[in-house]
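**Q** Sharing a structure with you now.
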Amino acid sequence: MKRIITLLTDFGIKDPYVAQMKGVILSINAEAQIIDISHEVSKHNIHEAAFILLSTYSKFPKRSIHVVVVDPGVGTRRRAIVVETRRYLFVGPDNGVLSLAVDDDGVVRAYEIRNPLFLRSHISSTFHGRDIFAPVAAYLSLGIPPEYVGPEIDFRMIKRTAEPKAFIINDKTFRACVIYIDNFGNVITNIKADMIPRGVRNITIKFKDKELTIPFKRAYNDVPKGEVLSLIDSFNYLEVAVNQGNAAKRLGLTVGDSIVIELS
Amino acid sequence: MKRIITLLTDFGIKDPYVAQMKGVILSINAEAQIIDISHEVSKHNIHEAAFILLSTYSKFPKRSIHVVVVDPGVGTRRRAIVVETRRYLFVGPDNGVLSLAVDDDGVVRAYEIRNPLFLRSHISSTFHGRDIFAPVAAYLSLGIPPEYVGPEIDFRMIKRTAEPKAFIINDKTFRACVIYIDNFGNVITNIKADMIPRGVRNITIKFKDKELTIPFKRAYNDVPKGEVLSLIDSFNYLEVAVNQGNAAKRLGLTVGDSIVIELS
Amino acid sequence: MKRIITLLTDFGIKDPYVAQMKGVILSINAEAQIIDISHEVSKHNIHEAAFILLSTYSKFPKRSIHVVVVDPGVGTRRRAIVVETRRYLFVGPDNGVLSLAVDDDGVVRAYEIRNPLFLRSHISSTFHGRDIFAPVAAYLSLGIPPEYVGPEIDFRMIKRTAEPKAFIINDKTFRACVIYIDNFGNVITNIKADMIPRGVRNITIKFKDKELTIPFKRAYNDVPKGEVLSLIDSFNYLEVAVNQGNAAKRLGLTVGDSIVIELS
């Protein structure tokens with residue numbers, strides 16, 4: 001049965017781990033269409049994976065199955081779960097990595113994976129991506145109802161990872177932080193587009209002992225090459241960037257840094 | 001409808017950008033077969049992307065749709081275009097990135113993308129790959145005629161990027177340059193195979209203040225491991241290489257370097 | 001005809017080489033389902049590729065076609081071969097890269113690729129992945145019998161690469177070595193799970209002038225974050241790891257290092 005399965009892991013692309021998962025999936029459902037979201041999540045970084053998933057899951061067709069394996073607790077007592085949301089199925093460890101996306105789409109039901117029928121016969125204690133999550137996703141892609149994988153669990157008790165909220169000091173000033181830096185060096189803050197009123201021309205960004213006033217523009221190329229700007233980016237957040245340059249390196253910002261933003 | 005869509009970008013493989021494009025495509029045409037050409041083009045390097053596209057586009061089945069997003073001018077007035085060539089469709093920004101390939105295959109017609117029907121409903125000013133090029137490619141893969149995307153434009157006015165030509169000083173001497181260095185460190189020059197007559201045994205390469213005479217061979221392994229050689233490579237250009245080593249590092253050559261080649 | 005073709009190379013993911021292979025395959029069989037095993041094999045490292053293939057090939061559906069191009073001898077007299085095993089077909093250079101996997105699955109017959117019908121019309125001397133192995137795999141995926149590609153060869157004469165065996169000094173002491181380090185920094189030894197009796201609580205690892213006693217556990221998270229442990233990993237080998245850390249860097253171990261392991 002044709003169905004999309006996406007994969008998001010911290011496995012990197014050199015080692016055979018991702019291909020082993022794909023082989024397991026295709027051995028169960030040769031018609032599954034496997035799409036990589038990313039395998040370059042920073043090792044063991046649950047929050048980063050949760051953010052990437054949040055920004056991507058809804059771009060896929062309804063009924064796609066999203067598998068996430070960023071799983072530092074593999075082999076211990078953290079649960080393996082399937083979460084059914086309004087439009088999708090999610091498969092992964094119950095460590096918070098699914099939480100931003102499933103709450104965004106709206107959880108319908110959640111299940112703990114327990115039924116050995118849908119797992120590989122030998123389950124390693126180090127690679128549940130291959131031995132548990134891949135086969136479960138493959139069986140779900142064949143149309144097996146999620147309630148077959150194990151007992152329903154209280155979805156309010158799924159582990160959550162917090163998306164830090166920007167704090168509004170006044171309608172022109174926010175205490176915020178850096179939530180993601182992409183490989184262009186663009187600095188994504190947790191200030192959402194709808195927090196920024198019309199007519200803003202500049203922002204002042206304060207961090208550590210620095211203070212910098214930069215233009216607020218529509219597009220990277222609205223400032224000369226090499227200059228710093230801010231804009232609403234494709235995640236729909238306020239972003240600090242350098243036109244054709246690396247803002248994170250230029251400004252010395254990293255994920256988690258606290259910043260104060262003033263609009264003007 | 002089954003149809004191949006290739007993707008060539010400078011987005012890297014960690015961030016969710018490529019997966020967002022794939023999700024958008026598959027949401028429009030679940031049968032599209034998406035193949036990555038590369039997402040590791042040097043950031044904003046239009047010429048490098050144009051060369052990679054030129055070397056690859058014609059290996060794919062006729063009617064494949066090639067999407068290129070190396071787009072430093074995103075969100076400004078550079079046009080978004082579809083180019084119909086003899087055998088393929090190309091989708092991308094009108095900044096030169098498509099030009100080497102479309103001219104090589106032979107342009108039939110070109111169109112500016114304007115019809116909002118074939119775009120995402122909200123178009124960011126930073127990510128036209130997801131909001132314009134991906135949905136347009138997906139609709140084209142469904143068989144929508146390219147003239148539906150917007151007005152035909154004069155294809156002679158599409159922006160071109162120059163492929164530097166080697167300059168023939170005499171039938172044994174060329175002023176040339178380095179046009180690509182691959183990840184093995186092989187140094188690809190702009191001297192084409194047909195410029196080199198039969199019977200050449202050695203080449204002398206002069207660059208900066210260095211001069212080096214190296215054998216001209218068929219295969220890397222025709223010299224001992226670790227030795228420098230030259231050969232006609234799989235791009236059909238004269239290449240300087242080290243057998244199982246990195247010629248670019250060994251010789252200190254980078255893309256764009258001017259060289260003089262003498263055959264002997 | 002729908003059929004899985006896997007690719008394992010040292011080509012990296014920036015250059016157009018992998019995409020050229022995919023284009024050639026899809027031009028012959030548009031229904032082929034191409035899955036990447038890895039393109040980040042260390043350059044020219046036949047043994048590493050052989051290990052990755054061994055650990056992955058059997059996860060794929062029967063009748064999958066595994067193509068391996070780690071080929072420092074390209075263009076010289078090393079043979080290009082197809083190996084038919086109990087459940088799979090393998091395509092690659094006869095340099096040992098296929099040997100661990102084909103011997104593991106059981107060789108049925110082997111053939112030297114010679115029939116020009118199944119090759120690209122112009123064969124470069126530097127890229128047989130594109131000009132020989134990709135088209136042969138594509139024709140095999142269409143159901144062309146392997147004996148059509150060329151003469152049968154004595155499969156006992158296929159080049160082998162040795163998987164170093166651990167040497168048992170006594171039932172608690174092994175002279176072993178590091179056979180792989182993954183991108184988490186986990187150190188995989190050549191001591192197989194079945195060489196380790198029940199009841200082991202610790203292992204002592206001796207290498208260079210160091211000696212270290214570490215717990216033998218089930219899962220990474222059975223020790224506190226940042227601590228060294230050993231366990232049976234998903235390859236089914238004894239592995240030395242750091243919970244959420246990099247064991248190879250911490251201990252200064254690299255592939256090929258000799259170690260002595262004592263169980264206690």
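**Q** For peptide A:5-14, how many partner chain Cβ atoms fall within 10 Å of a residue's Cβ, on average?
**A** Details: counts 0, 4, 1, 2, 0, 2, 3, 5, 7, 9.
Rounded to a whole number, the mean comes out at 3.
**Q** Taking Cα centroids, how far is region B:178-255 from region A:21-37 in Å?
**A** 41 Å
**Q** Could you please rank C:Val255, C:Val178, placing first whichever residue has the fewest other Cβ atoms within 10 Å of its Cβ? Walk me through the numbers on the way to the answer.
**A** On the way: C:Val255 17, C:Val178 21.
Ranked by crowding around the Cβ, least crowded first: C:Val255, C:Val178.
**Q** Between copies, how far apart are the B:Arg86 label points? List them in nm, one decimal, shortest first, with each point 7 Å from Cα toward Cβ, please?
**A** The answer, with the shortest distance listed first, is 5.1, 5.1 nm.
**Q** Once the label point is set 7 Å along the Cα-to-beta-carbon vector, what list of distances in nm do you get between B:Lys159 and its counterparts in the other copies?
**A** Its label point is 4.8, 4.8 nm from the equivalent points in the other copies.
**Q** Suppose a student asked you for the relative contact order of region C:3-111, using Cα pairs under 8 Å spaced at least 6 residues apart; what percent would you report?
**A** Values: 199 pairs, mean separation 31.0, N = 109.
Relative contact order for region C:3-111 comes out at 28 percent.
**Q** In 10 Å bins starting at zero, report the fraction of Cα pairs in the protein assembly as shown per bin as a rounded %.
**A** Calculated over all Cα pairs of the protein assembly as shown, the distribution is 2, 13, 21, 25, 22, 12, 4, 1, 0 percent.
**Q** Test of understanding: express the Cα radius of gyration of region C:47-118 as a ratio to 2.2 N^0.38 Å, with N the residue count. Don't jump to the answer; show the numbers that get you there.
**A** Details: Rg = 11.7 Å, N = 72, 2.2 N^0.38 = 11.2 Å.
Rg over 2.2 N^0.38 Å, computed on Cα atoms: 1.05.
**Q** Closest to the B-onto-C rotation axis, which residue of chain B has its Cβ, and how many Å off the axis is it?
**A** Spelled out, residue of B and its Cβ distance from the axis onto C: B:Ile13, 4.
**Q** Let me check against my output: what whole-number percent is the relative contact order of chain A, with C-alpha pairs under 8 Å and at least 6 apart? Mind showing how you got there, number by number?
**A** Details: 568 pairs, mean separation 41.3, N = 264.
Relative CO of chain A lands at 16 percent.
**Q** For region A:117-124, take each phi angle, set θ = phi - 60°, evaluate the Karplus expression 6.51 cos²θ - 1.76 cosθ + 1.60, and give the result in whole Hz per residue in order, putting x for glycine and proline.
**A** 4, 9, 10, 5, 5, 9, 9, 5
**Q** Ignoring everything except DSSP H segments at least 4 long, calculate the 222 nm mean residue ellipticity for chain B; use -39,500 (n - 2.57) per segment, divide by total residues, nearest 500.
**A** Working: 5 runs with 43 residues, N = 264.
Helices in chain B give a 222 nm mean residue ellipticity of -4500 deg cm²/dmol.
**Q** Taking neighbour Cβ counts within 10 Å as the exposure measure, how do C:Ser58, A:Ser42 sort from fewest upward? Walk me through the numbers on the way to the answer.
**A** Details: C:Ser58 18, A:Ser42 13.
So the residues, fewest neighbours to most, are A:Ser42, C:Ser58.
**Q** Counting other C-beta atoms within 10 Å, which of C:Val67, A:Val108 has the fewest, and how do the rest follow?
**A** A:Val108, C:Val67
**Q** Averaged across B:37-44, how many Cβ atoms of other chains sit within 10 Å of each residue's Cβ atom?
**A** Numbers: counts 7, 8, 3, 5, 1, 1, 6, 6.
Neighbouring Cβ atoms belonging to other protein chains average 5 per residue here.
**Q** Something else now. Considering Cα pairs under 8 angstrom that are at least six residues apart, work out the relative contact order of region C:147-260 and quote it in whole percent.
**A** Values: 197 pairs, mean separation 32.1, N = 114.
Worked out over region C:147-260, it gives 28 percent.
**Q** Now for a different question. Taking a label point 7 Å from Cα toward Cβ, how far is B:Arg250 from its twins in the other copies, in nm, shortest first?
**A** 4.0, 4.0
**Q** Still on this structure, I have one more. Based on a Kirkwood Rh over C-alpha pairs, give the Stokes-Einstein translational diffusion coefficient of chain A at 4 °C and viscosity 1.567 mPa s in µm²/s. Working shown, then result.
**A** Values: Rh = 19.8 Å.
Here the translational diffusion coefficient equals 65 µm²/s.
**Q** Further question: Normalized C-alpha radius of gyration of region B:3-157, against 2.2 N^0.38 Å?
**A** Values: Rg = 13.6 Å, N = 155, 2.2 N^0.38 = 15.0 Å.
Output field value: 0.91.
**Q** Further, regarding this structure: How many Cβ atoms of partner chains, on average, are near each residue of A:55-68 if near means within 10 Å of its Cβ? If you can, show how the numbers build up before the last one.
**A** Working: counts 5, 8, 4, 3, 13, 7, 6, 1, 0, 4, 0, 0, 0, 0.
Taking the mean over all residues of the peptide, I get 4.
**Q** Let me ask another. Mind jotting down the three principal axis lengths of region A:121-219 based on Cα atoms? Whole angstrom, largest first.
**A** Cα spread of region A:121-219 along its principal axes, largest to smallest: 60, 29, 27 Å.
**Q** Within the set A:Lys165/A:Lys249; C:Lys62/C:Lys159; C:Lys2/C:Lys22; A:Lys22/C:Lys249; A:Lys14/B:Lys249; B:Lys225/C:Lys43, which residue pairs have Cα atoms separated by over 19 Å?
**A** On the way: A:Lys165/A:Lys249 24 Å; C:Lys62/C:Lys159 24 Å; C:Lys2/C:Lys22 15 Å; A:Lys22/C:Lys249 29 Å; A:Lys14/B:Lys249 23 Å; B:Lys225/C:Lys43 13 Å.
Where the Cα-Cα span goes over 19 Å, the pairs concerned are A:Lys165/A:Lys249; C:Lys62/C:Lys159; A:Lys22/C:Lys249; A:Lys14/B:Lys249.
Just so you know, all these numbers are worked out from the coordinates, no wet-lab data involved. Everything numeric in this text was worked out from a predicted model, so none of it was measured. Please note: Cβ atoms are built from the backbone with ideal geometry, for glycine as well, and neighbour counts cover all protein chains shown.
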